[in-house]
Each structure stands twice: as C-alpha cells, then as structure tokens.
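Structure, as structure tokens:
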Amino acid sequence: MAENSKKKGKVYLIGAGPGDPDLITIRGSSLLSSCDVIIYDNLIPHELIVTAPPHIEKIYVGKSASAHTLPQEKINELLVEHARQGKNVARLKGGDPFVFGRGGEEAEYLRKNDVDFEVVPGVTAGLAAAASAGIPPSHRDMSSAILLLTAHGAADHDLFVDWDWVGKVKKGTVIGYMGVRQLPTVVEKLIEGGMPPGIEAAMIERCCFSTQKVVRARLEDLPAEAERQNVNPPAIFIIGEVAALSEKLEWYNRKMLSGVRIMITRPADQSRWIYQLFRNMGAEVIAYPTIKTRYNDDKEGWEKFIRSGGKDNWLFFSGENGVRYFFGYLKSKQIDLRLVGRYAIAAAGHGTLRALRDLGYQPDYAPSVSGMVKFAQQMCEDIEVHKIKLIRVRGQLPHDNIAEILKKGGAEVHPLTLYKTEYADWRENEIKRLFMHPPHMIMFSSGKSVDGLVNILGHDKALELAAKSKIATIGPTTSEVVRKYKMEVELEATRHSIPDLINQIVQYYQKK
Ligand code: SAH
C-alpha cells in the first residue's frame, strides 16, 4: 500500500531538434521548465540547459569526443531510478528520440520496468539538414520516396543496411546519418549496388547552425569534395536528383549575421531576448553565462518596505534583476501589489525601465543618462532628495556608490538586498565544445562577467579563448576589467546599454 500511494514519476523522451534551440517543440520546451530532472545527451543545445529553471537537476550522459560517458544500460537504469523516486524526468535527446537515437531501447526498458513514459517527437537532423540546405527531399518530378539510414557500421562485415538494395532506389532521396568517416565506403557500395555515379549529392555539416556548411558534388566525387572542404561530424549526406535544387533554393546564409558565433556571458534568465534577437539576425548564439544570480532573503529590508510608504517614499530600481526578484517575491508570498502604489518609483537604466514597463509600471523618475553614478547625481539635482526616504532594491555589493551619493544629498536610504551574484560553473564537456567551435565575438555586460570567465576557465585558458575571439563590452568599466586580464577589447558600447552594444556588434559585422 505504502509503495502504491507514493507519487509515481514519469519519463518524457523528448526530441530537442537538430541544434538550434528554437527548433524544439512547444511541448518539449514546456516540459523542460516543469520537470524535476533533465537527463541530456551530447549535441543538445546548451541554451536549452542553461535557460531551464535553476532548481531543476541537470545530468549529462552524452558521448565525449572519444568515449561514451555512460553506457546505455546505465542511462536506462538512471531513468528508472529517478522515475521511481517520484520525479518527472525530461530525457532530452538530439533530433527525434526514436530516429537513430536509441530512444526505442530506452522506451523498451522503461516498459519492462513498469515506468510510465511519453514520447515527444523532434525535428530529425536528416529532414532539418534537407530544409536548411534548400533540398526538398520529396518533389513531384524528382522524388517520391525518402529513405533515412545510418552509415554507422558501414565498414563492418555484419551490415544492417543492404547497400545493394539502397543502390537501386529510383526517383527517391537517400538521407544518411553518422556518415562522415564512412562516406567513401558508403559511396563505393552504393555505386556497386547500382546507384548512378553521376547522381547529385550533398553533405551538410552542423545544419541549422549559423555556421552550417553545405558541400555539393556528384555522388562519385562527394567523398573527395567533403574531404577537401574538411567536413566534420555531425553531418548528414543526401543523395538524389533533388540535391541539385540546393543551389537554386539556398536561403540559409542570407541574414545580417549569418556565419557569426556570438557568446553571451550574462545570466541566462536575463538573456533570452538577446539570444532571440541575435538568432533572428542569423547569428549562432553561444549561451555560456559566466555568472548567475541567487535570491537573498533580506528580512529586515522587506519589513521596511512593507511598513513604510506614503508621501516622499521612493522605491529605487537599478537593474532588471532587482525588478525580477522584487516582484517575484511579492507574487510568491501573495503580497498585494497595491502596496507598491504607496511609493514613487525611480528606474535607472534602459533595461530596468523596460522590465518595469513590462509589468505595467510607469516610473516617476527615469531620465536617460549613461551610468549609475551619473543617474544618482542627476537625481540629486532634479529632486529634493533631502526630503525623501528611499528603498534601494539591489544585489549584494561590497560597496554601494549609488547609496553614498543619495545619502550625501540628504536622502534616507534603506537597502533591500534581493540577490547575490555568483560565478557559474561549466562541465568539462561544455568547455570542450566551446573550444571546438569558439565564438567570433564574446559579449561582456559587466566586469563581474569577465571575472567569471577567468574564474571558470583559469587565466591561461581564458586568454586562449580570447585569442580566438574578439571582445565587445558594455562600457569603459567593463573594458578596464578585460584589460586587467591582458585581453583586448575590440568594441565598446557608447551608451552603456545592451541594445547599444548589440547595435555596435551588428555594425561591426556589416562593415566587414
Ligand atoms: N536522433 C537524432 C540522430 C542521432 S544520431 C536525430 O533524429 O536527428 C547522430 C547523427 O545525427 C550525427 O552523426 C549526424 O549524422 C546527425 N546530426 C545530428 N545533428 C546534426 C546537425 N546539426 N547537422 C548535421 N547532422 C546532424
């Protein structure tokens, strides 16, 4: 009885799509923010992991370059184990979970062990590669069949694929997975099996990434051409008349930032709109936050806020984080929002203003000046600060310049310290992946995020990364920190705002 009454967990076998985090399904994405644990593979977009809520446990079980981190049996057991603890498990797999991803075996094991599961399909790499290379795998005049196959094991004796049979496919399209190393063998066997050597073919490396590579050739020339153009895994090959359309229908690399990889180091929960913006412009986003924030319970500060208010009482926000943690707390504690109405609101910085407006607040004081110190000085000029009591919503700081300036002007300042900033940590496989495809541009929006990079990688490795990339900063203070570590600054925002920084980056690549 006791055993039965326990909450039962469930495993969701979710397809993450081919690598662009926007290509996961809405169902998959919503499960990633509501599950208890995410168990994920290699080739899963890092952004899906870092933007999942911080309380969710994340377990990496993927392949590293040379060896399996965890054998399949262990992964199966891990799924069962977590489900039996009553947890909902998001088992995140590349592409579609049931297409060459061993999702079938996992489902069988779960059924055998009486664990509930659901399968959430994903965009499989073969079809994604066709789409992003401008190759319609079915076409009224050229192809009425699509064959997905794996080339893994093509060189072995006990072949699964009957290449003679595949070689006889007519008016169809053959799409191959895991075929980079095996390509010469595969092509040889297909031609032996009857495939015309002159038929059109293509190879697509890292499809759906801004830096995807498409190599076109006749079938017999494809291995040599792929080698010449240095095609690396992961890649898909496509064979069939339709491959010729790739030239005519090329659409992928036509955006402003196509081919550019940009690394964003600010905390992921504040950066989704930046990821989105860059991706819309065609860039590949490397979502590698170097810092993260954590809630800080300031009982005294909250007491002050709840008991004060009225004439000459102000709330002072100086960052999106403050706004987020402030209103998040009120909501979670079911504190009536009308309490905020007893305060005038000052909002320093473009992002702060936007965050407040998103919630429906129109701040009473929000001049557009660049930099927090200037903002506080301006406020002392514009408002009779000696008359006011001010609740300063902020993160933990060693030294609060802003409060000092306002106090000097005569204001009574009470801190409400709502979050701490900490360095993020990256797993070894994530660092490896970063160095495999290093960013063209690293974006820093605070000195602390630079410290974070050096803290995570160590100074030598941080320098190594910086040498492969250019650095863009939000302003002189951040640039100073970059230079302190002997790294070079290529770009600096002039108006100390993220939108301005983004603009500068876009202009930089347009000029090139
Ligand atoms: N379940 C996955 C396939 C896993 S097998 C799916 O449905 O897509 C791994 C193979 O998928 C790789 O060897 C490569 O052939 C292919 N692949 C995965 N992501 C890819 C990408 N972004 N571009 C090209 N090929 C990719």
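The values are calculated or read from the model by the stated rules, or taken from the named source; none is laboratory data. As the structure is a computational prediction, the values presented were derived from the model and not from experiment. Because the Cβ atoms are built from the backbone with ideal geometry, glycine has one as well, and the counts that use them run over all protein chains shown. What goes into the accessible areas is simple: the full protein's heavy atoms, side chains included, and nothing from ligands, DNA or RNA. Shrake-Rupley method; radii C 1.70, N 1.55, O 1.52, S 1.80 Å.
Using the Cβ of Glu220 as centre and a radius below 15 Å, the other residues enclosed give a net charge of -2, where K and R count +1 and D and E count -1. Here each label is just a point 7 Å from Cα along the line to Cβ, and for Glu404 and Glu303 those points are 2.8 nm apart.
When DSSP beta bridges are limited to those with both residues in the chain, what percentage is antiparallel, rounded to the nearest 5? Don't skip to the end; give the middle numbers.
Details: 22 of 76 bridges.
Within the chain, antiparallel bridges account for around 30 percent of the total.
Dividing the summed -39500 (n - 2.57) terms of all DSSP H runs of n ≥ 4 by the residue count of the chain sets its mean residue ellipticity at 222 nm at -10500 deg cm²/dmol.
The local environment of Glu247, defined by Cβ-Cβ distances under 12 Å, has a net charge of 0 under the rule Lys, Arg +1 and Asp, Glu -1. Here's the list of lysines a cross-link from Lys461 could span, going by alpha-carbon distance under 19 Å and ignoring same-chain residues fewer than 8 apart: Lys432, Lys448, Lys470, Lys484, Lys486. Restricting the calculation to Cα atoms, every distinct pair contributes to the Kirkwood radius of the chain, found to be 25.9 Å.
Does the stretch 119-237 come out rounded, prolate or oblate by the C-alpha gyration tensor, with a ≥ b ≥ c the root eigenvalues, rounded set by a/c under 1.5 and, if not, prolate when a/b is larger than b/c and oblate if not?
Numbers: a/c = 1.28, a/b = 1.16, b/c = 1.11.
It comes out rounded by the Cα gyration axes.
Sparse packing (at most 15 other Cβ atoms within 10 Å of the Cβ) combined with a DSSP loop state is found for the following trypsin sites (Lys or Arg not before Pro) in the stretch 285-338: Lys311, Lys333. Amide H contacts of Gly475 (H built 1.01 Å from N, in plane; Pro and chain starts excluded): Ala493 sit under 5 Å, all sequence-distant by 5 or more or on other chains.
Longer than 31 Å from Cα to Cα, which of Lys292/Lys331; Lys299/Lys408; Lys58/Lys374 are they? Say none if no pair is. Distance filter (> 31 Å) returns Lys58/Lys374.
Using DSSP to call loops (not H, G, I, E or B), can you name the chymotrypsin sites (Phe, Trp or Tyr not before Pro) in the stretch 206-267 whose Cβ has at most 10 other Cβ atoms within 10 angstrom? Each step should come with its number before you reach the end.
Working: sites: Phe209, Phe237, Trp251, Tyr252; in loops: Phe209, Trp251, Tyr252.
Of the chymotrypsin sites (Phe, Trp or Tyr not before Pro), the ones in loops of the stretch 206-267 whose Cβ has at most 10 other Cβ atoms within 10 Å are Trp251.
Along the stretch 258-270 the Karplus relation, 6.51 cos²θ - 1.76 cosθ + 1.60 evaluated at θ = phi - 60°, assigns HN-Hα couplings of 4, x, 9, 9, 10, 9, 10, 9, 6, x, 4, 5, 9 Hz to successive residues, with x for each Gly and Pro. At full extension, Asp312 and Glu428 could sit 36.5 nm farther apart than now, given 0.36 nm per residue minus the alpha carbon distance.
Hull volume per residue, based on the alpha-carbon atoms of the stretch 347-407 and their convex hull, is 96 Å³.
Tell me the Kirkwood hydrodynamic radius of the stretch 8-123 in angstroms, computed as one over the mean inverse distance between distinct C-alpha pairs.
Numbers: mean 1/r = 0.0726 Å⁻¹.
This gives a value of 13.8 Å.
Which is farthest toward the positive dipole end of the stretch 173-236 among Ala235, Gly198, Thr173, measuring Cα position about the Cα centre, with Cβ charges +1 (Lys, Arg) and -1 (Asp, Glu)? Projecting each Cα onto the dipole axis, the largest value belongs to Ala235.
Please report, as a whole percent, how much of the solvent-accessible surface of the chain comes from carbon and sulfur atoms (probe radius 1.4 Å). Don't skip to the answer; put the middle values down first.
Details: 12580 of 25030 Å².
Carbon with sulfur: 50 percent of the solvent-accessible area.
How much net charge surrounds Ala347 when only the other residues with a Cβ under 14 Å from the Cβ of Ala347 are counted, with Lys and Arg +1 and Asp and Glu -1? Present the calculation step by step, with values, prior to reporting the outcome.
Values: positive: Arg324, Arg354, Arg357, Arg392, Arg394; negative: Glu320, Asp358, Asp364, Asp382.
Counting the neighbours of Ala347, the net charge comes to +1.
Compared with the direct C-alpha span, the chain from Ser368 to Lys58 gains 107.6 nm at full extension, assuming 0.36 nm per residue.
Quote the FRET efficiency, to the nearest 0.05, computed for Arg357 versus Lys331 with a Förster distance R0 of 25 Å and r equal to the Cβ-Cβ distance.
Numbers: r = 18 Å, r/R0 = 0.70.
My answer for the efficiency is 0.90.
Protein heavy-atom accessible surface, 1.4 Å probe, per residue over the chain: 49 Å². Relative to the dominant Cα principal axis of the chain, helix 447-457 is inclined by about 40°. What is the angle, in °, between the Cα long axis of helix 372-382 and the longest principal axis of the Cα atoms in the chain? Nearest 10 is fine, range 0 to 90. Rounded to the nearest ten degrees, it is 40. Here the Karplus curve 6.51 cos²θ - 1.76 cosθ + 1.60, taken at θ = phi - 60°, turns the phi angles of the stretch 500-512 into couplings of 5, 4, 4, 4, 4, 5, 4, 4, 4, 7, 5, 5, 6 Hz, with x standing for Gly and Pro. Using the Karplus relation 6.51 cos²θ - 1.76 cosθ + 1.60 with θ = phi - 60°, the per-residue 3J(HN,Hα) values for the stretch 424-433 come to 7, 10, 10, 7, 4, 5, 6, 5, 4, 5 Hz, with x marking Gly and Pro. Between Glu225 and Lys10, full extension at 0.36 nm per residue minus the direct alpha carbon distance yields a gain of 72.8 nm.
Inter-label distance, Arg342 to Arg181: 6.9 nm, where each label sits 7 Å from its Cα along the C-beta direction.
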